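Inspection log for the structure reproduced underneath, given as structure tokens.
Computed from the coordinates by the stated procedures, all read-outs in this text should not be read as laboratory data. If you're wondering where the values come from, they're calculated on a predicted model, not measured in any experiment. Here the Cβ positions follow ideal geometry from the backbone for every residue, glycine too, while neighbour counts run over all protein chains shown.
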Amino acid sequence: MKVIEEIDALHRILAGLPGEASVALVPTMGNLHQGHLALMREARKRAHQVVASIFVNPIQFGPGEDFERYPRTVEADLDKLRKVGVGMVFLPSVASLYPRGPESVTRLKVPSDLADQLCGASRPGHFDGVATVVSKLFNIVQPDLAVFGEKDYQQLMVLRRMVQDLNFPVDVVAVPTEREDDGLAMSSRNGYLSESERRCAPRLFETLGICAESLRLGRKSVEEVEQWGMQLLREGGFEPEYLAVRDAVDLSMPGPDARDWIILAAGRLGTTRLIDNLRVYPDALLASERPPF
Ligand code: PAF
């Protein structure tokens, strides 16, 4: 496995690949868990070469968020990537991606219908930061496809929209969320939870399941489910931020006839912010199989 820190060195290695070799990029911020490794395995199935990137991107963190304390575990990450057969790891420094400083970089502006709701409502500029760094990685690596997790569903939609709007010749592949045995979605931030918070954490996914069931059975309206879900989260020890039903294709408000609904939620346990989502009708086509817009 090649570990590459400089953009020029990565370009030289990529230029040496056979012309017909397809390249998959899996962007990460490190502190890898089974969810990330599932992305790597999917990338391996779909391309000749897998480039994983590890970069804790300062411009997607807001003031007071966890940029400084975000876990940096590069050596352990490299071991895991070796074991799943990743060929190249790109480990750029902040100075190489943002030579004039992170604040001075030209940024993408994600349309507000997508970026200013759900997670974007409490994290202004977050998705602009994500789209900017991923567009830089796309330009640097020039992959045929890129793999992202459905756990960060709004991010997935933002990146699909970016690829379409800016004509990136990159297929965006979505991989379902990996979960712990008790249902908790795997996340690097789970490591912040205290023992008692960890015991409460599965309530997030449980609540999504209860809400989805109620919608499927037609027991409650969308508005009722949204209010009830917030109450269930509060009762479960969360400080909920949102619980919202959306059209899974574009995150718009669900119309009466839409049948591909998704419930998304975010909430805090202590200082740790967790997010998760669940399709209401799992038999509806997966987001990865439908044209997003
Ligand atoms: O999902 C993440 O880990 C990050 O948002 C990403 C896509 C690597 C961009 O920094």
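Going through the cross-link list 80/109; 2/80; 80/151; 109/220; 83/136; 2/136, which pairs have a Cα-Cα distance over 25 Å in this structure?
80/109; 109/220; 83/136
Which of 51, 167, 153 sits closest to the plus end of the dipole of the range 30-176, meaning its Cα is farthest towards the positive end, when Lys and Arg get +1 and Asp and Glu get -1 on the C-beta?
51
Might you report the magnitude of the Cβ-based charge dipole of the chain about its Cα centre, with Lys and Arg at +1 and Asp and Glu at -1, to the nearest 20 debye?
Dipole size: approximately 480 debye.
Which whole-angstrom value gives the distance between the alpha carbon centres of the range 96-157 and the range 1-42?
Computed from Cα coordinates, the inter-centre distance equals 18 Å.
Which whole-number percent gives the relative contact order of the chain, counting Cα pairs below 8 Å spaced six or more residues apart?
17 percent
With a cut-off of 8 Å between alpha carbons and a minimum separation of six or more residues, what is the relative contact order of the range 136-238 in percent?
Relative contact order of the range 136-238: 20 percent.
Spin-label point model (7 Å from Cα, Cβ direction): what's the residue 181 to residue 22 distance in nm?
3.7 nm
Could you work out how much longer the chain between residue 34 and residue 1 gets when fully extended? Use 0.36 nm per residue separation minus the Cα distance between them, nm to one decimal.
10.0 nm
Which log10 I(q)/I(0) values does the chain give at q = 0.10, 0.12, 0.15 Å⁻¹ under the Debye formula, counting every alpha carbon as one identical point scatterer?
-0.54, -0.79, -1.24
Treating only the Cβ atoms of Lys and Arg (+1) and Asp and Glu (-1) as charged, compute the dipole magnitude of the range 221-274 about its Cα centre; round to the nearest 20 debye.
Computed charge dipole of the range 221-274: roughly 280 debye.
Would you work out which of 248, 208, 190 lies farthest towards the positive end of the dipole of the range 183-267, given +1 charges on the beta-carbon of Lys and Arg and -1 on that of Asp and Glu, about the Cα centre?
So the residue we want is 190.
Can you classify the range 137-293 as rounded, prolate or oblate using the Cα gyration tensor, where a ≥ b ≥ c are the square roots of its eigenvalues, rounded means a/c under 1.5, and otherwise it's prolate if a/b beats b/c and oblate if not?
Taking the square roots of the gyration eigenvalues as a ≥ b ≥ c, the range 137-293 is oblate.
Lys/Arg Cβ at +1, Asp/Glu Cβ at -1, dipole of the range 62-166 taken about the Cα centre: which of 104, 114, 125 is farthest positive-ward?
The listed residue farthest towards the positive side: 104.
Among 243-255, 26-38, how do they line up by average Cβ neighbours within 10 Å per residue, starting with the highest?
Taking the mean over residues of other Cβ atoms within 10 Å, the ranking is 26-38, 243-255.
Among the complete DSSP H segments of the chain, which ones combine at least 15 Å of alpha-carbon extent along their axis with a mean Kyte-Doolittle hydropathy of -0.5 or more?
TM-like helix candidates: 126-141, 153-165, 203-216.
Summing Lys, Arg as +1 and Asp, Glu as -1, what charge do residues with Cβ under 15 Å from the Cβ of residue 45 carry, residue 45 excluded?
Surrounding charge for residue 45 is 0.
From the square roots a ≥ b ≥ c of the eigenvalues of the alpha-carbon gyration tensor of the range 1-107, which class results: rounded (a/c under 1.5), prolate (a/b over b/c), or oblate?
oblate
Could you sort 51-62, 171-182 so that the peptide with the highest average Cβ count within 10 Å comes first and the rest follow in order?
So the order, starting with the most tightly packed, is 51-62, 171-182.
Let's see if you can work this out: charge +1 on each Lys and Arg Cβ, -1 on each Asp and Glu Cβ, no other charges. What is the dipole magnitude of the range 51-154 about its Cα centre, in debye to the nearest 20? Don't skip to the answer; put the middle values down first.
On the way: 11 positive and 13 negative charges, 51 e Å.
My answer is approximately 240 debye.
In deg cm²/dmol, rounded to 500, what helix-only [θ] at 222 nm does the chain give when every DSSP H run of at least 4 residues adds -39500 (n - 2.57) and the total is split over its residues?
Roughly -10500 deg cm²/dmol at 222 nm, from the helical runs in the chain.
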